[in-house]
1. Karplus couplings for the range 138-151 from phi (6.51 cos²θ - 1.76 cosθ + 1.60, θ = phi - 60°), rounded to Hz, Gly and Pro as x?
2. For the chain, what is the accessible area per residue in Å², given a 1.4 Å probe and the full set of protein chains?
3. Counting only protein heavy atoms and a 1.4 Å probe, tell me what percentage of the range 5-170's accessible area is made up of carbon and sulfur.
4. Provide the per-residue ³J(HN,Hα) series for the range 7-24, in order, calculated from phi with Karplus coefficients 6.51, -1.76, 1.60 and θ = phi - 60°, each as a whole number of Hz, with x at glycine and proline positions.
5. If Rh is defined by the Kirkwood formula over all Cα pairs and Rg also comes from Cα, what ratio Rg/Rh do you get for the range 65-110?
6. Give the carbon-plus-sulfur fraction of the accessible surface of the range 179-321 in %, rounded to a whole number; probe 1.4 Å, heavy atoms of protein chains only.
7. What span do the alpha-carbon atoms of the range 1-96 cover on each of the three principal axes, reported in whole Å from largest to smallest?
8. Could you grab the Rg to Rh ratio for the range 179-321? Cα atoms only, Kirkwood for Rh.
Amino acid sequence: MNNTILMVGAGSYLPEKVLTNDDLSAFVDTDDAWIKQRTGIHQRHMVADGELTSDMAVAAANDALSAAGLTSDDIDIIIVATTTPDDTFPSTASTVQHKLGSYQAFAFDIQAVCAGFIYALGVGESLLRSGKGRRALIIGAESFTKILDWSDRTTCVLFGDGAGAVVLEVADTPAQDWGVLSTVLHTDGRYRDILYVDGGPSSSKTVGHVRMRGQDVFKHAVEKLSSSMNEVIADAGHTPTDIDWLIPHQANIRIIDGIQKKLGLPPEKVVKTVAQHANTSAASIPLALSAATRDGRVKSGHLLAFEAIGGGLSWGASLVRYGRP
Ligand code: UT7
């Protein structure tokens, strides 16, 4: 590797409105006990009327820039991972660029659903490594509640809205074992039908709603996420015991606990926000990272492990030594 690509700041934004499981059970045939027991979710945040995915992305980006001690003028690349863009086009990233005033940056969206943050991280890292810029904003932002079928209790209780962001930076001098150490990305389109949205510009000219065969996704999640974690750990020359924090995609507490056990990590090394945030798709990892940097758990120099899986199926993992050396 010729460059070191550091992760120098994290930030997030959550909409003000909170919907608890009890709130949901007023209009969905479900109950708090079922949701908590099967998923670990207690509540989710919901965008306000008129609040857009790009608004949340900008708030998270500003928070990450301030954590990194940078301004929007310092950014050369903006990548927004989202499945719930403001519009079919232009990209939400171009709106974010305009709202940030980062006109020197090029900007585009990535669509890998719940794995979107890992994909955006991998692409951003590669662009920086190949000299396309000095700093990149990697944002995951979702208004996922906008694509839910509120009459389908098997999906509508699982998701929430929010945004998270990180800043990547090419180090002035290469630093061994710092920054993004390894990232793996995988897709298997044969499983398209176990998690998808039943609409789109080309198929139906509608936005569509989330459809999922939950048990099938569950089985793939535990197996594929633990194997891709093992891939990045081995590729970076580390062992699971080196990991300071596992910061997983927050879909279901049982999936998170299953992976923690498979990796042999102590439970206290796992950052869990699924209870408060529910599944925020591409936003879930940077939201969890931001929570853990803000409360002082994640510190500069810590070894972080990220993993996520979503529709596609698309999945991946990344190992990062956080902060500036
Ligand atoms: O981020 C993208 C990746 N997505 C995921 O990782 C999601 C993976 N899957 C899951 O997290 C779980 O499969 C679910 C949470 C979606 C479902 O949990 P489960 O333990 O697999 O439940 P199930 O689908 O087997 O359903 C068990 C029962 C069913 O009733 P019967 O047939 O046993 O009478 C469902 O109808 O629970 C019922 N059920 C509900 N009951 C109350 C399903 N949804 C609900 C609900 N409230 N919201």
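1. Result, rounded to whole Hz: 10, 10, x, 9, 9, 9, 5, 5, 6, 10, 9, 8, 6, 9.
2. On the way: 12950 Å² over 325 residues.
Heavy-atom accessible area per residue stands at 40 Å².
3. For the range 5-170, the apolar C and S fraction of the accessible surface comes to 52 percent.
4. 10, 10, x, 9, x, 7, 8, 10, x, 5, 6, 10, 10, 7, 4, 5, 4, 5
5. Values: Rg = 10.8 Å, Rh = 10.9 Å.
Taking Rh as the inverse mean 1/r over Cα pairs, Rg/Rh reads 0.99.
6. On the way: 2960 of 5680 Å².
Carbon and sulfur atoms account for 52 percent of the accessible area of the range 179-321.
7. 53, 31, 24
8. 0.99
The values are calculated or read from the model by the stated rules, or taken from the named source; none is laboratory data. Because the structure is predicted, anything quoted here is derived from the model rather than measured. Every residue, glycine as well, gets a Cβ built from its backbone with ideal geometry; the counts of neighbours run over all protein chains shown. For accessibility, only protein heavy atoms count, side chains too; no ligands or nucleic acids. Shrake-Rupley method; radii C 1.70, N 1.55, O 1.52, S 1.80 Å.
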